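First the structure, in the form of structure tokens, and then the observations on it.
The values are calculated or read from the model by the stated rules, or taken from the named source; none is laboratory data. Quantities reported herein were computed from a predicted structural model and do not represent experimental measurements. All Cβ positions, even for glycine, are placed from backbone atoms using ideal geometry, and neighbour counts span all protein chains on display. Remember, those area values only see protein heavy atoms, side chains included, never the ligands or the DNA or RNA. Shrake-Rupley method; radii C 1.70, N 1.55, O 1.52, S 1.80 Å.
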Amino acid sequence: MKRYIDAAVEQFRSLLTEQLARVEVLEKGAGAKDFAKLEKITIGVCGGDGIGPVIVDAARSVLEALLAEEIEAGRVALVPIEGLTIENRMKLGQSVPKDTLAAIRQCDVLLKGPTTTPKGGTMESANVTLRRELDLYANVRPVAIPEEGCDWTFFRENTEGEYVLGSRGVEIPDVLAMDFKVTTRPGTRRIARAAFEFARNNGKRRVSIVTKANIMKKTDGSFSAICHEIAKEYPEIQVDEWYIDIMTANLVNPAIRKQFEVFLLPNLYGDIITDEAAQLQGGVGTAGSANIGDRYAMFEAIHGSAPRMIEEGLGDYANPMSILRAVELLLRHIAMPEKAELLDRALTLCGETERRLVVTGDRDGATCREFAAYVLETLDRLQAR
Ligand code: IPM
Ligand code: MG
């Protein structure tokens with residue numbers, strides 16, 4: 001037993017040292033990139049696993065159509081990113097292969113399909129690695145239920161919490177297992193600022209902080225305190241705080257949920273509640289996800305790679321809506337709001353109001369490719385007006 005304790009203490013010391021070094025880097029800040037001023041924007045496109053390549057193919061065709069002029073003029077380049085498959089990652093024993101990461105770093109933004117994460121073992125999720133390596137600290141997920149007047153934007157902290165050391169817990173086999181959760185001051189300040197800036201710049205009146213600070217006293221306690229500190233710089237915005245358990249209940253209560261606007265949460269709660277919110281909007285297949293940092297940004301579906309659909313031979317029937325919503329977020333991020341608006345209108349028509357083709361995820365519905373063609377044709381129709 002002593003052997004395990006000594007090893008764990010040593011490990012804890014090195015984790016702490018490493019996180020303190022990280023804090024130092026964060027304190028310095030990287031300085032945000034201004035996309036409106038870039039001469040050329042490089043968008044990496046990466047299929048991922050399972051249904052990933054199918055839905056990314058649909059997203060790429062839509063992106064290519066929307067950016068046709070810019071691509072032609074050399075202002076935008078779409079670059080395929082290879083090697084982020086589960087087979088390659090397992091073979092190399094790297095959650096994001098070195099060469100793939102280097103190629104991604106050559107891009108300004110990344111459009112990425114879902115990647116499969118093996119359960120257990122020590123292989124980290126490719127998403128977690130990318131979010132950490134590219135320092136994509138803000139996970140921004142808009143969700144709306146227009147008929148009820150719900151228009152939510154979730155600001156999920158994306159580089160800390162339960163995730164940052166999630167593959168590096170300690171274990172005494174058959175006896176005990178322990179993971180670590182991390183909240184840092186600069187890491188919390190920047191996500192809080194992102195949420196409040198968004199609220200201020202988008203006419204939102206309210207930011208709701210969500211924690212479990214009654215139980216996770218150190219980490220969530222400090223997340224909460226720091227968010228309230230930042231809130232003071234935004235006196236025009238109303239701030240409230242909820243525990244995650246009651247907030248999950250609030251979201252299924254139609255009498256209450258429409259009052260919320262912007263949510264600010266630590267990583268794991270943000271992960272869980274955004275799936276819930278997306279389901280309320282129409283399914284996890286319907287919401288897009290932006291992972292934003294100062295230097296890089298990654299856009300993806302909020303759902304996973306759906307290996308079960310592949311096993312059942314249903315890959316072609318995957319719903320591309322979530323990744324198409326991510327394309328909309330990408331366009332906004334690279335300072336092309338008109339194109340984002342246009343795509344938003346096309347997606348709302350195809351997915352909600354007109355629904356001439358419906359993707360059900362099964363053989364009774366349209367295929368992903370058919371739906372992409374429908375979106376492309378709708379974009380043409382809207383542009384011709
Ligand atoms: C998400 C996903 C990821 C997460 C997985 C794939 C690591 O669920 O983006 O919400 O847990 O963050
Ligand atoms: Mg999730």
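The table for this structure:
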{"quantity": "Ranking by accessible area, most exposed first, for L15, L357 with a 1.4 Å probe", "calculated": "L357, L15"}
{"quantity": "FRET efficiency, 1/(1 + (r/R0)^6) with R0 35 Å, evaluated for E377 and D151 via beta carbons", "calculated": "0.80"}
{"quantity": "Between helix 368-384 and the chain: long-axis angle, C-alpha atoms, 0 to 90°, nearest 10", "calculated": "60 degrees"}
{"quantity": "Probe 1.4 Å - accessible area at K40, Å² to nearest ten", "calculated": "110 Å²"}
{"quantity": "Using alpha-carbon coordinates, inclination of helix 185-201 to the longest axis of the chain, degrees", "calculated": "30 degrees"}
{"quantity": "Taking the range 252-352 and dividing mean pair separation by its residue count, relative contact order in percent (alpha carbons under 8 Å, at least six apart)", "calculated": "22 percent"}
{"quantity": "Accessible area expressed per residue, the chain, with surrounding protein chains retained (probe 1.4 Å, Å²)", "calculated": "47 Å²"}
{"quantity": "Cut-off under 5 Å, modelled amide H: who pairs with S95 long-range", "calculated": "E124"}
{"quantity": "Nonlocal amide H pairs with L111, under 5 Å, H built at 1.01 Å", "calculated": "G44, V45, C46, F299"}
{"quantity": "Sulfur and carbon atoms: percent of accessible area, the range 286-362 [1.4 Å]", "calculated": "48 percent"}
{"quantity": "H303 - accessible surface, heavy atoms, 1.4 Å probe, Å² rounded to 10", "calculated": "30 Å²"}
{"quantity": "Alpha-carbon centroids, the range 62-84 and the range 105-119: separation in whole Å", "calculated": "17 Å"}
{"quantity": "Count of lysine pairs in the range 155-276 with Cα separation under 24 Å (8 or more residues apart, or interchain)", "calculated": "9"}
{"quantity": "Among V9, V56, M90 - extreme Cα towards positive end, dipole of the range 1-129, charges at beta-carbon", "calculated": "V9"}
{"quantity": "Computed E for S14/D344 - FRET, C-beta separation, R0 45 angstrom, nearest 0.05", "calculated": "0.45"}
{"quantity": "Residue (of H228, L251, V239) at the positive-pole extreme of the range 219-302, dipole from beta-carbon charges", "calculated": "L251"}
{"quantity": "GluC sites (Glu not before Pro) restricted to DSSP loop in the range 209-249 with at most 11 other C-beta within 10 Å", "calculated": "E236"}
{"quantity": "Rounded to the nearest 20 debye, dipole of the range 47-105 from Cβ charges on Lys, Arg, Asp, Glu", "calculated": "340 debye"}
{"quantity": "Student exercise, the chain dipole from Lys, Arg, Asp, Glu Cβ charges, in Debye to nearest 20", "calculated": "880 debye"}
{"quantity": "With Cα atoms, 0 to 90° folded angle of helix 321-333 axis to the chain main axis", "calculated": "80 degrees"}
{"quantity": "Listed residues T348, I310, Q106: farthest to the positive end of the dipole of the chain (Cβ charges)", "calculated": "Q106"}
{"quantity": "Segment M90-A77, length gained on full extension (0.36 nm per residue, minus Cα span)", "calculated": "1.7 nm"}
{"quantity": "Distance between modelled label sites at K33 and I5, nm, 7 Å Cα→Cβ extension", "calculated": "4.9 nm"}
{"quantity": "C150 long-range amide H proximity, modeled H, under 5 Å", "calculated": "I145"}
{"quantity": "Surface share of carbon and sulfur [accessible, 1.4 angstrom probe, percent] for the range 34-139", "calculated": "51 percent"}
